[in-house]
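Let me begin by presenting the structure, written as structure tokens, before commenting on it.
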Amino acid sequence: MSYLDNTYGMRDLQQMLLDMMLELDAICRKHDIPYTLLGGTMLGAVRDGGFIPWDDDLDLAFTAADLKKLADILPAETDRYVLTFEDTWVARIVPREPINGQRPFLDLFHFEGISNEPWKQKAKVFILQLLQGMLKEDADYSRFSLKNRILLKTTHALGCLFTKKAKLAMYRWVGAHVFTGDGTLLHVPDEQFACIKLVYPAKYAQEYQDIPFEGYPLRVSSHYHDMLVLHYGDYMTPPPEKERVSKHDKQREA
């Protein structure tokens with residue numbers, strides 16, 4: 001994508017996100033903290049050479065140990081950005097102060113083990129999806145299937161019985177401790193609702209390479225093709241025009 005292309009009105013926001021990402025990348029390289037671009041950001045790097053033109057956030061994934069290491073060293077490395085675990089079930093890097101009235105963010109996902117046994121995989125995914133529904137605020141239910149809309153609305157009502165802090169603690173405990181298997185398979189327990197079930201061989205979080213992103217080298221799993229096929233299928237074909245929309249407008253409000 002060229003920054004001359006502002007068809008979807010995302011250029012200024014994406015420049016903010018790129019500035020944040022380049023500073024984070026420098027910190028990660030300095031401290032030998034590997035990461036991979038993930039989801040739509042990985043897809044954009046491969047298909048568009050940078051941001052998907054209508055995308056409004058930036059997604060990364062770390063191992064659990066490397067995410068903890070980053071959380072420990074980040075305060076000493078930057079006074080512009082902070083890492084928070086309190087916004088939602090995903091860790092986020094956000095500016096210390098709003099930028100031009102907005103609060104752009106980098107989503108920092110992480111890998112955890114998952115069982116080799118299919119029923120245990122399904123059970124863990126179900127529990128996490130249940131907890132996501134309990135945690136969701138201002139959800140756009142139109143993006144989900146009828147079955148998932150019913151599940152999300154029901155779990156949202158159930159979630160009103162618990163504090164956000166308690167729900168986040170439950171979510172993270174399940175991701176880290178329930179049906180984690182023998183380490184040969186991984187998933188991303190803090191991924192979006194439909195993607196928690198995607199299961200990867202452990203080597204996908206161990207082997208990395210650089211990939212051009214808006215003219216800068218960022219890190220990506222060396223198995224990005226297989227990850228994208230698993231996630232999107234025919235990932236080189238863009239979605240229909242009606243699906244080319246940003247998804248995080250409310251979350252960026254300062």
**Message:** Between the range 1-52 and the range 185-238, how far is it from one alpha carbon centroid to the other, in angstrom?
**Reply:** 14
**Charge sum, other residues only, whose C-beta stays under 12 Å from MET236's C-beta, Lys/Arg counted +1 and Asp/Glu -1** = -1
**Request:** State log₁₀ I(q)/I(0) for the range 11-252 at q = 0.14, 0.16, 0.17 Å⁻¹ as given by the Debye formula over alpha-carbon point scatterers of equal weight, solvent excluded.
**Result:** -0.98, -1.33, -1.53
**Charge dipole of the chain about the Cα centre (unit charges at C-beta), most positive-ward option of GLY159, PHE193, LEU43** = GLY159
**Item:** Rounded to whole Hz, the Karplus (6.51, -1.76, 1.60) HN-Hα couplings of the range 40-56, x for glycine and proline
**Value:** x, 6, 4, 4, x, 4, 6, 8, 10, x, x, 5, 4, x, 9, 7, 10
**Request:** Two decimals is fine: what is log10 I(q)/I(0) at q = 0.27, 0.29 Å⁻¹ for the range 63-118, from a Debye sum with one equal scatterer on every Cα and no solvent?
**Result:** -1.16, -1.25
**Message:** Going by average Cβ density within 10 Å per residue, which order do the peptides 30-37, 127-134 take, highest to lowest?
**Reply:** 127-134, 30-37
**Message:** Beyond a 30 Å Cα-Cα separation, which of these cross-linked pairs lie in this structure: LYS30/LYS197; LYS68/LYS147; LYS68/LYS164; LYS120/LYS153; LYS30/LYS203; LYS164/LYS242?
**Reply:** LYS30/LYS197; LYS68/LYS147; LYS164/LYS242
**Request:** Sort PHE62, PHE85 so the one with the fewest other Cβ atoms within 10 Å of its own Cβ comes first.
**Result:** PHE85, PHE62
**Fill in**
Karplus-derived 3J(HN,Hα) from phi for the range 214-221 (6.51 cos²θ - 1.76 cosθ + 1.60, θ = phi - 60°), whole Hz, x at Gly and Pro, runs 6, x, 10, x, 10, 8, 8, 4
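No lab work stands behind these numbers, since they all come straight from the coordinates. Just so you know, these numbers come straight off a predicted model, no measurement behind them. Heads up, the Cβs are rebuilt from the backbone with ideal geometry, glycines too, and the neighbour counts pull from every protein chain shown.
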